[in-house]
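Take a look at the structure set out below.
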Amino acid sequence: MSNKAKGYAAHSADSPLVPFEFERRDLRADDVQIEILYSGVCHSDLHTVHNDWGATQYPVVPGHEIVGRVIAVGDKVKNFKAGDVVGVGCMVDSCRECEPCHEHEEQFCENGVTMTYDSDDRHDGTRTYGGYSNQIIVSEAFVLRVPENLDLSAVPPILCAGVIVWSPLNLYKVGKGSKVAVVGLGGVGHMAVKIAAALGAEVTVLDIAASKEADAKRLGATHFVLSNDPEQLKTVANTFDLVLDIVPVKHDITPFVETLKLKGTLVIIGLIGLAPEFSTVPLMFGRRAVVGTMIGGTKETQEVLDFCGKHNVVSDVEIIKMSEINEAYVRMAKGDVKYRFVIDMQNSF
Ligand SMILES: [Zn+2]
Ligand SMILES: [Zn+2]
């Protein structure tokens with residue numbers, strides 16, 4: 001395969017994604033060239049395409065949940081060879097010198113992480129283009145190993161939705177005996193339920209849609225609470241060690257903070273940029289904490305892939321072709337997907 005790539009790009013905030021041909025860079029000594037097999041569709045893709053965060057540079061080729069096969073490696077690549085099944089998540093480079101980078105928390109790089117798409121390459125200044133394409137070239141330091149026992153078409157969401165919940169579950173040492181609440185059962189929420197349950201935690205789903213109860217239980221939750229019903233919420237007051245709040249719209253988090261045990265932690269995952277509302281009273285009267293989190297570094301991403309391989313955890317996906325992406329965005333914006341779209345790249349071009 002040459003470095004000529006086929007993909008889909010958006011050229012403005014209000015135009016659909018359309019076919020786009022471009023060139024990947026020549027292989028650097030530490031680069032891995034990957035034929036993309038499957039690419040997950042994340043809400044961040046939709047926000048970037050629509051310029052919801054105000055910083056998108058067009059054309060943009062989204063996609064940061066990438067699973068593929070290595071087809072070529074640079075001279076100095078040590079850990080990968082042609083034929084390996086690999087993944088690429090939200091990041092493709094960082095400064096590799098600052099403290100967060102040394103701790104493999106590259107998402108917090110003090111010099112600015114290079115994202116998989118809509119970023120400037122830190123060596124040659126070219127734009128990064130993501131996984132909505134048939135191939136990608138990435139430094140081996142940001143390439144992950146994918147357990148081959150898993151259904152590869154259902155692996156991509158682990159690289160973003162999976163690690164974003166793995167990171168706090170890992171940081172707060174969730175395991176057997178832990179009680180975890182997942183607020184909001186969507187693409188990220190369903191991975192939170194599966195992974196927390198596989199870690200041995202007792203999982204409760206809180207959602208405003210009663211229709212989600214059966215699915216919550218199928219995915220591994222033992223309890224379901226209607227989150228907009230104060231009476232039901234009372235039954236889980238002072239219950240959880242950890243609450244993962246995955247609600248993407250502005251909301252009052254006080255009722256969820258009140259479900260935490262003494263010294264419990266609520267992690268904000270879904271809400272970007274908008275200030276949540278909350279009362280300090282349940283924080284003070286229970287030494288509870290409200291924290292934020294953002295994806296995970298390369299080490300955690302490899303850990304969650306390995307964990308999912310061992311416990312046979314994958315995402316619930318709906319497979320589409322690249323040409324179906326615009327309809328998929330419309331459906332995703334309405335929450336009409338169980339639970340993640342994945343693009344089958346091999347059958348798309
Ligand atoms: Zn994502
Ligand atoms: Zn750094």
ask   = When the helices in the chain are scored as -39500 (n - 2.57) per DSSP H run of 4 or longer and the sum is shared across all residues, what 222 nm value do you end up with, to the nearest 500 deg cm²/dmol?
value = -6000 deg cm²/dmol
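Can you check what the net charge comes to around Val49, using other residues whose Cβ is under 11 Å from the Cβ of Val49 (Lys, Arg +1; Asp, Glu -1)?
-4
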query = Amide H to amide H, which residues 5 or more places from Lys261 or on other chains are under 5 Å from it, using H placed in the peptide plane?
reply = Thr239, Phe240, Asp241
query = Which whole-number percentage describes the relative contact order of the range 161-292, with Cα contacts under 8 Å and a sequence gap of 6 or more?
reply = 20 percent
Aspartates and glutamates with Cα under 17 Å of Lys4, excluding same-chain neighbours fewer than 8 positions away = Glu21, Glu23, Asp26, Asp31, Glu35
inquiry  = Could you derive backbone 3J(HN,Hα) for the range 98-108 from the dihedral phi with the Karplus parameters 6.51, -1.76 and 1.60 (θ = phi - 60°), listing whole Hz in sequence and x where the residue is Gly or Pro?
reply    = 7, 4, x, 5, 4, 8, 6, 10, 4, 4, 9
request  = Obtain the nm distance between the two label points defined at Cys98 and Asp336 by a simple spin-label model: each point lies 7 Å from its Cα along the Cα-to-C-beta direction.
outcome  = 4.2 nm
remark   = The simple spin-label model distance between Lys81 and Arg145, using points 7 Å out along Cα→Cβ, in nm, is 1.3 nm
Positive dipole terminus of the chain, leading residue within Thr265, Ile343, Leu17 (C-beta point charges) = Thr265
key: Relative contact order [Cα under 8 Å, 6+ residues apart], the range 263-311, whole percent   = 47 percent
remark   = Where a ≥ b ≥ c are root eigenvalues of the Cα gyration tensor, a/c under 1.5 meaning rounded, otherwise prolate if a/b exceeds b/c and oblate otherwise, the range 271-349 counts as oblate
request  = List the extent of the Cα atoms of the chain along each of their three principal axes, largest first, rounded to whole Å.
outcome  = 61, 40, 38
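Quick one: net charge of Leu37's neighbours, Cβ under 11 Å, K/R +1, D/E -1?
Numbers: positive: Arg69; negative: Glu35, Asp344.
Residues close to Leu37 contribute a combined charge of -1.
What order do you get for Tyr172, Tyr132 when you list them from fewest to most C-beta neighbours inside 10 Å? Before the final figure, lay out each step's value.
On the way: Tyr172 18, Tyr132 29.
Ranking Tyr172, Tyr132 by Cβ neighbours within 10 Å, fewest first, gives Tyr172, Tyr132.
Take the alpha carbon gyration tensor of the range 93-172, find the square roots of its eigenvalues, order them as a ≥ b ≥ c, and report rounded if a/c is under 1.5; if not, report prolate when a/b exceeds b/c, else oblate. All intermediate terms of the calculation are to be shown ahead of the outcome.
Details: a/c = 2.08, a/b = 1.14, b/c = 1.82.
Taking the square roots of the gyration eigenvalues as a ≥ b ≥ c, the range 93-172 is oblate.
Among Trp53, Trp166, which comes first, second and so on when ranked by fewest other beta-carbon atoms within 10 Å?
Working: Trp53 12, Trp166 26.
The fewest-first ordering by Cβ neighbours comes to Trp53, Trp166.
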Angle in degrees between helix 161-171 and the longest Cα principal axis of the chain, rounded to the nearest 10 = 60 degrees
ask   = How far is helix 187-198 tilted off the main Cα axis of the chain, in degrees rounded to 10, range 0 to 90?
value = 70 degrees
ask   = Thinking of the range 161-292 as a set of Cα atoms, what percent of all their pairs are more than 23 Å apart?
value = 21 percent
task = Please list the radius of gyration and Dmax for the range 21-130, considering alpha-carbon atoms only, with Å as the unit.
result = 14.3, 40
remark   = The number of Lys pairs in the range 161-292 whose alpha carbons lie under 17 Å apart, excluding pairs fewer than 8 residues apart on one chain, is 13
ask   = Residues with beta-carbon under 12 Å from that of Gly87, excluding Gly87: net charge, scoring Lys, Arg +1 and Asp, Glu -1?
value = -2
key: For the range 141-155, 3J(HN,Hα) per residue [Karplus equation, 6.51 cos²θ - 1.76 cosθ + 1.60, θ = phi - 60°, Hz, x = Gly/Pro]   = 5, 10, 9, 10, 8, 10, x, 7, 6, 7, 5, 4, 5, 9, 7
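Tell me, what is the percent relative contact order of the chain, built from C-alpha pairs under 8 Å that lie six or more residues apart? Spell out each step's value before the answer.
On the way: 811 pairs, mean separation 62.4, N = 349.
Once normalised by length, the contact order is 18 percent.
Computed from the coordinates by the stated procedures, all read-outs in this text should not be read as laboratory data. Only a predicted model underlies this, so the values are computations on that prediction, with no experimental measurement involved. Note: ideal-geometry Cβ built from the backbone for every residue, glycine included; neighbour counts use all protein chains shown.
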